[in-house]
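Okay, structure first, notes after.
The values are calculated or read from the model by the stated rules, or taken from the named source; none is laboratory data. Being a predicted model, the structure only gives us computed values, none of them experimental. As a convention, Cβ positions derive from the backbone with ideal geometry for all residues, glycine included, and neighbour counts pool all protein chains shown. Accessible surface areas use protein heavy atoms only, side chains included; no ligands, DNA or RNA. Shrake-Rupley method; radii C 1.70, N 1.55, O 1.52, S 1.80 Å.
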Amino acid sequence: MGDKTDVWQGTLALMVLKTLETLGPIHGYGIARRIEQTSGNLLSLNYGTLYPALLKLEQEGYISSEWGLSENNRKAKFYKLTRAGRKQLEREARDWEQATAILARFLSPAEEA
Amino acid sequence: MRKLRALWMRLVGMFGGAADEEFAAELDGHLAMHIEDGMRAGLSAEEARRQAMIRLGGLEQAKIAYRERQRLPWFETLWQDLRFGLRMLAKSPGFTIVAVLTLGLGIGANTALFSVVNGVLLNPLPYPHPEELVTVHASKPNFSEGSISYPNFRDWQRDNKTLAALAVARGTGYSLTGMGDAEEMRAELVSSDFFTLLGVKPVIGRLFAPHEDEIGREPLVIISEGFWQRKFGSRPDALGKVLTLDGRNYTIVGVLPSHFDLRINNFHAADLYVPIGQFRNPALTARPAGLGIHGIARLKPGVTIQQAQDDMLRVSEQLEKMYPEADRGIRAKLVPFQYAMVRDVRPLLLILMGAVGFVLLIACVNIANLLLVRSNVRAQEFAVRSALGASHTRLLRQLLTESLMLSLTGGLLGLLLASWGTKAMLHLLPQQLPRAAEVHMSGAVLGFTLVISVASGTLFGLMPCFKVFRQSLQDTLKDGGRGVGATRAGAQNWLVVFQMATTLVLLVGAGLMIRSLAKLSEVNTGFRPQGVLTFGLQPSSAMIGASPEAARAYLREANARIAAVPGVDAVSFSWAALPMQSDDEQLFWLDGEPKPQSQNAMHWAIRYIVEPGYLKAMGIPLLKGRFLAASDDAHAPRTVVIDEVFAQKFFGNEDPIGKRVFLEQFENEPATVVGVVGHVNQWGLDNDAVNPLRAESYQAMMQLPEQQLGLVLMGMDVVVHSRYSGDASFQSIHNAVTQMNHEQVVYNPETMESVIADTLAGRRFTMILLAVFAGTALLLAGIGMYGVISYLVAQRAREIGVRMALGADRRDVFRWVLTRGGRLAVFGAVTGILAALALTQVIARFSSLLYGVHAYDPWTMAGVTLLMMVVALAACYLPARRATRIDPMQVLRSE
């Protein structure tokens, strides 16, 4: 596990929102697995921190939750994106892309110069 | 917005009990799925479970993290503190009740006074741009704020360059007829700009237009909303209707809103407003006349009051050049509006505010003292908590939460007390306080209460905290919470000294006020106020313009009718001055003096125009010669009666009887002095002795010339002496007068006793409040002293026991305790006397509240110090008795 990276502060919410946009309503465990898979198993997610993050998003009104049945007929809480969450996702994704683009310029070899 | 929503959800989350189980279920599902996945990947059930738990990072940790996000942790701590504090306070209900009551009283008194100060002194006036408003007067050699004559008003209005508008007003009265019984109405004569300048808008109709206030214009009237409702049922068709006032018809043009309640200069919002040009006094057009007309003005935007004052001085000086005789020494004088309204009560209110602040301070100190005692008891508890790892901040928070709970509860109680107390206070002081209607519980008042509650809670809460933290943990734990060294009582001692000193300051203030009032009640009024009733009489409007013979006949008949009323044994009409109620001056020169060139060079005396019955009605002693008699009529030579001050001032040791004086209005017909009477207190008990104008003169009403007789018939005062009570007499007089002619009105009855009481109302108000505050302070200081000495006795019980075992007398012990208390009291008294000496100087300098006593009055100082020492020793008595009952054997055994 030593070669895996911890999830950076503040990016977890964005990942959750994006996951929910892609997969639609899904339970917490599904979100966690999806995040790990998408990162090519490079990210190590502490599952215990996922739930407070989900709660925060719900308190802020970006996602909503309801109880349902999982694929194995198990009771689970399903999360889905709200309209406000969709907007927030767009906003955060844009900010993030901008930030990484700027950083990329700094880090890439200075060809233009 | 999102943050706020999240905060709200978390706040709500604190009370949702099911949330924990719900999350537990969610976690169960999570783990089950994870384990299934692990087993599917080929792990044993146990290994899969282990892996799942590792990835979760601990079940409890996950739950804690979730719970912290779900709720507000700091709020939970606060909630804990509150519940714990509540338990602690409930455990000692005696302490809690005393503390809350003390604080409630202290905060309530402060809130009540602040709501008065806020409404009267701080709130801006309810007019647009109130800072531009000023009052305008004519300063004259004898009056710094004298009345403005109508011609000068017009010239000032025209020639000034700095005023946006200048208006004048003067009070008057009309008898209203043609709408049921004749009624005496108070009215204000105003110039056209008066309401426009203030920014007052009519409810319906219009205000007076420019030039409508000039002499000789059509009679118009603006009525109040109250009058409109009473007489016209608020129907809009009142506009254009006609009111018959003193027999003339005035057309209603507008209605003023009921919230217009201005009281400034002599102006006082009335039911009727009439243009000043309708004033039927022939002296209106006279430039030197003083008719009680005062002005208000609005400065042009950006003009300072100083610039306006300079400009108006320029205008007055120009007029003096044009009219050197009439306008000699007359200068316009501007006074800021709000200051003019409140200057009389400002020092009084500020002194009371200071006093009540002291009371709260003493209350805080008292509670701090109680808390200190408790903190000694609780030292053990805090030591244990510290030892278990509670940080100082955590303990501080706990202590502050407790004291703030106390002070906020006290504040709430205070608010209740204040809402009731403010009303009671305004009731005590009915007509003295300007802007009283604007006093109410406002946001500012609530804010003030909150701030002083929190401030006092912090103040008395922090004091014990410092002490608790200074204590060494080990010592306290070892000591078992029993004894905290005697040296640590130092803080408490200082608090008691402080309390005693502050209380003494308040006692001195109250004592000086009581002494002033006592001195005032000893002041000789110069007349017998008992049984004297005064009221206004307005003859029917048919008498206006009557011949002098008819007028005199009317006066004789009316006098006889009133004299015939049962119980009435003396009656006199009065015009011009009336002691303590209205004033009027007579200008004159003595026989043998050349006629002075101007009014200012003449002598002045107060002028009473009365009938022969006056002396008996008022009970004024006759010192020499005779009083005015029925024979002093229109055909007899002109006579005048003077008072002893007049006689002393103008005739010295010569016999004044038979001397002649030239009264200004009868310069060809000198009047002969026929008698000397005792001096009557004209200017009120507190002011008469210092007023420069004290000489008094009496003239017979029947000797008035025709023109002035006509004015008398437009309204005069009546003075009667009756064996019956004021109300009953007035009712029978009212019946008799109405029987004579139902169009004439009697109004505004006042007994001389109540007039005298009113002149002292302001002082009495201050005295009562100061005495209440000082009494409260004394009680609190007594409790404080009791607490400290009791504590001392409890702490030293062992020492006392040992001493007694070694042979100390019970009396020695008793004396020892009293000495301890006495030393504190003496310390407090000395500090208090020094502080009081400084503070009363301020009171004496900035207000006229003291009468006949020095700010350092030794009797007061000695008296209140004695009182305080007695209370202090009485407070020590019980603990001292308790000390003597200590059983040495028991103490020694318990060691």
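Pick out, from B:Gly38, B:Val788, A:Ala101, the residue whose Cα sits farthest towards the positive end of the charge dipole of the protein assembly as shown, with +1 on the Cβ of Lys and Arg and -1 on the Cβ of Asp and Glu.
B:Gly38
Need one number: convex hull volume per residue for chain A, Cα atoms only, in Å³. The partial results should precede the final answer.
Details: hull volume 14.5 nm³, N = 113.
So the per-residue Cα hull volume is 128 Å³.
Relative to the Cα centre, what is the charge dipole magnitude of the protein assembly as shown, using +1 at the beta carbon of each Lys and Arg, -1 at the beta carbon of each Asp and Glu, and rounding to the nearest 20 debye?
Values: 100 positive and 93 negative charges, 889 e Å.
The calculated dipole for the protein assembly as shown is roughly 4280 debye.
What is the Å³ per residue value for the convex hull set by the Cα atoms of region B:247-395? Please report the intermediate quantities before stating the final value.
Working: hull volume 41.1 nm³, N = 149.
Spelled out: Cα convex hull of region B:247-395, divided by residues, is 276 Å³.
How high is the FRET efficiency between A:Thr82 and B:Lys300 when r is their beta carbon distance and R₀ equals 56 Å, given to the nearest 0.05? Let's see the in-between values first.
Numbers: r = 61 Å, r/R0 = 1.08.
For R0 = 56 Å, the calculated efficiency reads 0.40.
Per residue, what accessible area does the protein assembly as shown have, given a 1.4 Å probe and all protein chains present, in Å²? Provide the component values of the computation, followed by the final result.
On the way: 46870 Å² over 1008 residues.
Accessible area per residue: 46 Å².
Ignoring ligands, DNA and RNA and using a 1.4 Å probe, state the total buried accessible area between A and B in Å², rounded to the nearest 100.
Values: alone 8160 and 41230 Å², together 46870 Å².
Between A and B, the summed buried area is about 2500 Å².
Give the whole-number value, in cubic angstrom per residue, of the convex hull volume spanned by the C-alpha atoms of region B:770-848. Spell out each step's value before the answer.
Numbers: hull volume 7.6 nm³, N = 79.
Hull volume normalised by residue count: 96 Å³.
Can you compute the modelled spin-label distance between B:Gln530 and B:Ala560, with each label point 7 Å from Cα toward Cβ, in nm?
3.3
Students often check this: by mean Cβ neighbours within 10 Å, which of B:4-15, B:114-125 ranks highest, and how do the rest follow? Before the final figure, lay out each step's value.
On the way: B:4-15: 13.8, B:114-125: 18.8.
Top to bottom by mean Cβ count within 10 Å: B:114-125, B:4-15.
Using heavy-atom solvent-accessible surface (probe 1.4 Å) with all chains present, what is the largest-first order of B:Trp420, B:Trp604? Before the final figure, lay out the partial values.
Working: B:Trp420 175, B:Trp604 50 Å².
Descending accessible area places them as B:Trp420, B:Trp604.
Using a 1.4 Å probe over the heavy atoms of the protein chains, calculate the carbon and sulfur portion of the accessible area of region B:667-722 as a whole percent. Working shown, then result.
On the way: 820 of 1700 Å².
Result for region B:667-722: 48 percent of the exposed heavy-atom area is carbon or sulfur.
For A:50-62, what's the mean count of beta carbons from other chains sitting within 10 Å of each residue's beta carbon?
Averaged over the peptide's residues, the number is 6.
What is the percent of Cα-Cα separations in region B:1-93 that go past 17 Å?
Working: 2744 of 4278 pairs.
Of all Cα-Cα distances in region B:1-93, 64 percent exceed 17 Å.
Between A:Trp67 and B:Met353, take the C-beta separation as r, use R0 = 60 Å, and let me know the FRET efficiency to the nearest 0.05.
Details: r = 63 Å, r/R0 = 1.05.
It comes to 0.45.
Could you work out, residue by residue across B:61-69, how many beta carbons of other chains sit within 10 Å of that residue's beta carbon, and then give the average as an integer?
Details: counts 3, 7, 2, 2, 8, 7, 2, 2, 9.
Per residue, the average neighbour count from other chains is 5.
Once neighbouring chains are kept in place and the probe is 1.4 Å, which whole percent of the accessible area of region B:100-254 is contributed by carbon and sulfur? All intermediate terms of the calculation are to be shown ahead of the outcome.
Values: 3150 of 5820 Å².
Taking all protein chains in place, region B:100-254 shows 54 percent carbon and sulfur surface.
Averaging over all projection directions, find the projected area of the Cα convex hull of region B:680-737 and quote it in nm² with one decimal place. Please list the in-between numbers first.
Working: hull surface 25.9 nm².
With the hull built on Cα positions only, its mean projection is 6.5 nm².
Most mobile of A:Gly40, A:Gly30, A:Gly85 per a Gaussian network model of chain A (Cα springs, under 10 Å)?
Checking each option, the largest mean-square fluctuation is seen for A:Gly40.
With contacts defined as alpha carbon pairs under 8 Å and 6 or more residues apart, what's the relative contact order of region B:641-771 in percent? Could the numbers behind the result be given before it?
Working: 90 pairs, mean separation 28.9, N = 131.
Once normalised by length, the contact order is 22 percent.
Quick one: if you take sqrt(5λ) for each eigenvalue of the C-alpha gyration tensor of region B:782-895, what semi-axes come out, biggest first, whole angstrom? Intermediate values should be presented prior to the final figure.
On the way: eigenvalues 339, 25, 18 Å².
Each semi-axis is the square root of five times an eigenvalue, giving 41, 11, 9 Å.
In whole angstrom, note down how far apart the Cα centers of region B:763-811 and region B:131-174 are.
Cα centroid to Cα centroid, the span is 61 Å.
Over the Cα atoms of region B:162-307, what is the Rg over Rh ratio if Rh follows Kirkwood? Please list the in-between numbers first.
Details: Rg = 15.4 Å, Rh = 15.9 Å.
Checking Rg against Rh, the ratio lands at 0.97.
To one decimal place, what orientation-averaged projected area in nm² is obtained for the convex hull of the Cα set of region B:243-320? Working shown, then result.
Numbers: hull surface 31.2 nm².
Average of the hull's projected areas for region B:243-320 equals 7.8 nm².
Please state the shape class of region B:627-725: rounded when a/c is under 1.5, otherwise prolate if a/b exceeds b/c and oblate if not, all from the C-alpha gyration tensor. Spell out each step's value before the answer.
Numbers: a/c = 1.60, a/b = 1.05, b/c = 1.53.
Verdict is oblate for region B:627-725.
Run the helix sum for the protein assembly as shown: -39,500 (n - 2.57) per DSSP H stretch of 4+ residues, divided by residue count, reported at 222 nm to the nearest 500 deg cm²/dmol. Working shown, then result.
Values: 31 runs with 532 residues, N = 1008.
Helix contribution divided over all residues of the protein assembly as shown: -17500 deg cm²/dmol.
Working from the alpha-carbon coordinates of the protein assembly as shown, get Rg over Rh, Rh being the Kirkwood radius. Walk me through the numbers before you get to the answer.
Numbers: Rg = 42.3 Å, Rh = 36.8 Å.
Value, to two decimals: 1.15.
Return the single residue from A:Ala13, A:Ala101, A:Ala53 with maximal mean-square fluctuation; model: Gaussian network over chain A, springs between Cα atoms under 10 Å.
Among A:Ala13, A:Ala101, A:Ala53, the largest GNM mean-square fluctuation belongs to A:Ala101.
At a Förster radius of 41 Å, what calculated FRET efficiency corresponds to the Cβ-Cβ distance of B:Met39 and A:Leu42, to the nearest 0.05?
Working: r = 25 Å, r/R0 = 0.61.
Rounded to the nearest 0.05, the efficiency is 0.95.
Give the dimensionless ratio obtained when the Cα radius of gyration of region B:88-178 is divided by 2.2 N^0.38 Å. Kindly include the intermediate steps, with their values, before the conclusion.
Working: Rg = 25.9 Å, N = 91, 2.2 N^0.38 = 12.2 Å.
For region B:88-178, the normalised Cα radius of gyration is 2.12.
At q = 0.05, 0.09 Å⁻¹, what log₁₀ I(q)/I(0) does chain B have when each alpha carbon counts as one equal point scatterer in the Debye sum?
For chain B, the Cα-only Debye profile gives -0.47, -1.04.
Regarding region B:529-628, what's the average projected area of the Cα-atom convex hull, expressed in nm²? Intermediate results must be reported in sequence, preceding the final value.
Details: hull surface 37.5 nm².
That works out to 9.4 nm².
In percent, how large is the relative contact order of chain B, given Cα pairs closer than 8 Å and 6 or more residues apart?
Working: 1456 pairs, mean separation 130.5, N = 895.
RCO, chain B: 15 percent.
Can you give me the distance in nm between label points at B:Arg83 and B:Asn691, each placed 7 Å from the Cα along the Cα-to-Cβ direction?
It is 7.2 nm.
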